[in-house]
């Protein structure tokens, strides 16, 4: 169930800063998942206490690249992301035994 809702964690510079300073973690989630489902999925999968969940639907973008045969145009799909705030003293380690 939790794997259906949480698609993957987002590992970007901005999400890294959020996790260090504000104890917030960013995930790509299923488009139809709501905040309550996201909260339960994170608590079940990582064993932490979630204080707040903020969601945003990111729009799709048109991308193009140049090749020998000409310019190829395509489209990146839209997705939903969730920023999860954990209670104090808790953290999620995405890079466990590296």
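Laboratory data are not the source of any read-out in this text; all were calculated from the coordinates shown. What you see is a predicted model, and the numbers here were worked out from it, not measured in a lab. Positions of Cβ are generated from backbone atoms using ideal geometry, with glycine treated the same way; all protein chains shown enter the neighbour counts.
For a quick check: sort 27, 95 by the number of other beta carbons within 10 angstrom, fewest at the front.
95, 27
What is the distance, in nm, between label points placed 7 Å from the Cα along the Cα-to-Cβ direction at residue 21 and at residue 64?
According to this spin-label approximation, the distance is 3.6 nm.
How large is the helix-only mean residue ellipticity at 222 nm for the chain, computed as the sum of -39500 (n - 2.57) over DSSP H runs with n ≥ 4, divided by its residue count, in deg cm²/dmol to the nearest 500?
Only helices count here, giving -7000 deg cm²/dmol.
How much FRET efficiency would the formula 1/(1 + (r/R0)^6) give for residue 3 and residue 72, where r is the Cβ-Cβ distance and R0 is 30 Å, rounded to 0.05?
With a Förster radius of 30 Å, E is 0.35.
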